[in-house]
1. Does at least one position in the range B:193-203 carry a residue that is polar (S, T, N, Q), outside any helix (DSSP H, G or I) and more than 23 Å from B:Arg112 (Cα to Cα)?
2. Quick one: count up the residues across the range A:4-39 that are within 11 Å of chain B (Cβ to nearest Cβ) and assigned to a loop (DSSP other than H, G, I, E, B).
3. Out of A:Ser29, A:Ser82, I need the residue that is in the same structural domain as A:Phe121 (by TED's automatic domain parsing), at pLDDT 85 or above and among the polar types (S, T, N, Q). Which one?
4. If you scan the range B:8-45, which residues turn out to be without any contact (Cβ under 8 Å) to a residue 24 or more places away in the chain and within 30 Å of B:Leu266 (Cα to Cα)?
5. Of all the helices (runs of 4 or more DSSP H) wholly in the range B:264-350, which have at least 2 residues that are crowded, with 18+ Cβ neighbours inside 10 Å and away from chain A (no Cβ under 14 Å)?
6. Which of the residues that make up the range B:280-308 are hydroxyl-bearing (Ser, Thr, Tyr) and either closer than 16 Å to B:Tyr216 by Cα or touching a strand residue (DSSP E or B) at 6+ places or on another chain (Cβ under 9 Å) (or both)?
7. What's the number of the only condition in (1) surrounded by 14 or more Cβ atoms within 10 Å (Cβ to Cβ); (2) out of contact with any helix residue (DSSP H, G or I) (no Cβ under 6 Å at 6 or more places or on another chain); (3) at pLDDT below 80 that A:Pro35 fails to meet?
8. Of all residues in the range B:85-114, which are under 30 Å from A:Arg33 (Cβ atoms) and either among the acidic types (Asp, Glu) or in contact with a helix residue (DSSP H, G or I) (Cβ under 7 Å, 6 or more places away or on another chain) (or both)?
Amino acid sequence: MEAPARYGPLRSVLSGIASLGKGLWITLSYMFRAPITVQYPEQRVVLPLRFRGRLVMPIDPEKGSTRCTACVRCVRICPNHSIDVVKDTGPDGAPLSKPAKYLYNLGTCMFCNLCVEVCPFFALVMSDEHELATTDRKGLVLDLVTEKHHLTGKKAVWWQRKFRGLEPED
Amino acid sequence: MGGFLYDLFYNTDRLLNGWSTAAHQSWAARGWPPVILDGLLQLAWAVAAGVFLTVNALFIIWFERKVAARIQIRRGPNRVGPWGLLQTLADTGKMLIKEDIVPDAADRAVFRAAPLLVLVSTFMLFVVLPFGKGLVPADLNVGLVYFLAIGGLSVIGILAGGWASNNKYSLMGGMRSAAQIVSYEVPAVLTVLSVALLAGSLKLGDIVRAQPAYGYVLLQPIGFLLFLTASNAEINRGPFDLPEADSELVSGFLTEYSGMRFAFFLLAEYTNLFLSGAFAATLFLGGWRGPLLPPVAWFLLKSYFVVFLLIWVRWTFPRLRVDHLMELSWKVLLPLALANLLVTAVLVKVL
């Protein structure tokens, strides 16, 4: 407990006590602030626009279907191989540029957003859904085509402005 | 009935003495030896103290969590029961049904006895604690000496726990605790001595009665601060929690303890916190004396006020380094306590 050279022992003790008092004053003043805690299941915060919840493939209201062309760029860029695409086929058996199944594995997804960024057709969006627990591992693999997700709210507006070229790229 | 209720709260000593003599008389009328009745009465005190000790510890843990939360702008426990009051009860229930783990390399007997040793020394302090007028199991005429002597006993349990765990963290925690408690006992004793000088008695009841209405805190401001600091260090809390120092020693002497034995240590720790507050209130804040409210209410209010001060300090200051801790005791607190004692002694003699 070497005091700084400019202080004598008495000064250093007094300044030490003063600084202890200062610390106590600060914690006391904090005690009278309103808690900033959000009581989670009952109260919820408004999530930011770019919040990365689970992946969805929203229905484009103008097309009435998803914007996906089954180009599998997302499959190739995914670091964990969390995405599998099965191409749709026409009546003659020739593959169509549209997915029959879009299998998204929540268990391995790390929410890196690379699939969303690489998609040239803005078919993918990271949604606000974040309560993703399941009781069965099979429940972690979702088919994004059959679920026919509809985006709502601010995120929908943002997404539509993006694929209309009104929003700068992230 | 109003008279009985008034007596129950304000003249507890008269009521208790009346009951005690009546019981003794009817006991003697049957020709039974009075030793057995005395034993039974003491057992009643012990049970009352045990119940109080448990409920009090449950409350203080909740209280500390709430205060800590408010200091960190949080809410603290608020799910179990109103305002989260039953949270500690739920935690205790969980701890009691946990597996009782004793490490293979541990000294089994000592390992098992250590939590009890700590708790017993804490429990024994309730013998001299005056909760209200006459509400004290035994107002010994060496009450102050008893308090200091028994209070220092807990170090044996902590050291035993640290040693018996056969774990280097536990051992270091136990050793640190021993060094710390022994070092801080000295300034604590010297400060308490100046209170004894002022009151002219070692009996806690007399010390309470000898205090002016505002308590000894105004006559002994330095003494009060020294006592708070020293007793805070003796109960291994606040900025002096080196024996448990999580960041260095995992949990110190508690490392190998789990379940019920851990709960016992925790019970002893929080009861010690209350006892520090209670003895500070008794020695410096006028104990159970105060206007209007019943003595017990005053005593509890003052004790919990000091407990609040200690909690506030704990959640404000960072932990001291080991050598700083020793220097604070021997180089700062001890000279201050000696000077305080000297000045008090001279003033008591002169005035």
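The values are calculated or read from the model by the stated rules, or taken from the named source; none is laboratory data. Owing to the predicted nature of the structure, the values given are computational and were not obtained by experimental measurement. Methodologically, a virtual Cβ is constructed for each residue, glycine included, from the backbone with ideal geometry; neighbour enumeration extends over all protein chains shown.
1. Step one: of the range B:193-203, the residues polar (S, T, N, Q) are B:194, B:201.
Of the ones still in play, those that are also outside any helix (DSSP H, G or I) are B:201.
Still in the running and more than 23 Å from B:Arg112 (Cα to Cα): B:201.
Yes, that holds for at least one residue.
2. Restricting attention to the range A:4-39, the residues satisfying the condition of being within 11 Å of chain B (Cβ to nearest Cβ) are A:9, A:12-13, A:16-17, A:19-39.
So of that shortlist, the ones also assigned to a loop (DSSP other than H, G, I, E, B) come out as A:32-39.
Within the range A:4-39, residues that are within 11 Å of chain B (Cβ to nearest Cβ) and assigned to a loop (DSSP other than H, G, I, E, B) number 8.
3. None of the others qualify; the one that does is A:Ser82.
4. Within the range B:8-45, B:Gly39, B:Leu40, B:Leu41, B:Leu43, B:Ala44 qualify.
5. On the way: elements: B:295-314, B:322-327, B:334-350.
So the answer is B:295-314, B:334-350.
6. So the first thing to find is which residues in the range B:280-308 are hydroxyl-bearing (Ser, Thr, Tyr), and the list is B:282, B:303-304.
Within the range B:280-308, B:Thr282, B:Ser303 qualify.
7. Only one criterion is unmet by A:Pro35, namely (3).
8. In the first step, residues of the range B:85-114 are kept if they are under 30 Å from A:Arg33 (Cβ atoms); the result is B:85-91.
Result: B:Leu85, B:Gln87, B:Thr88, B:Leu89, B:Asp91.
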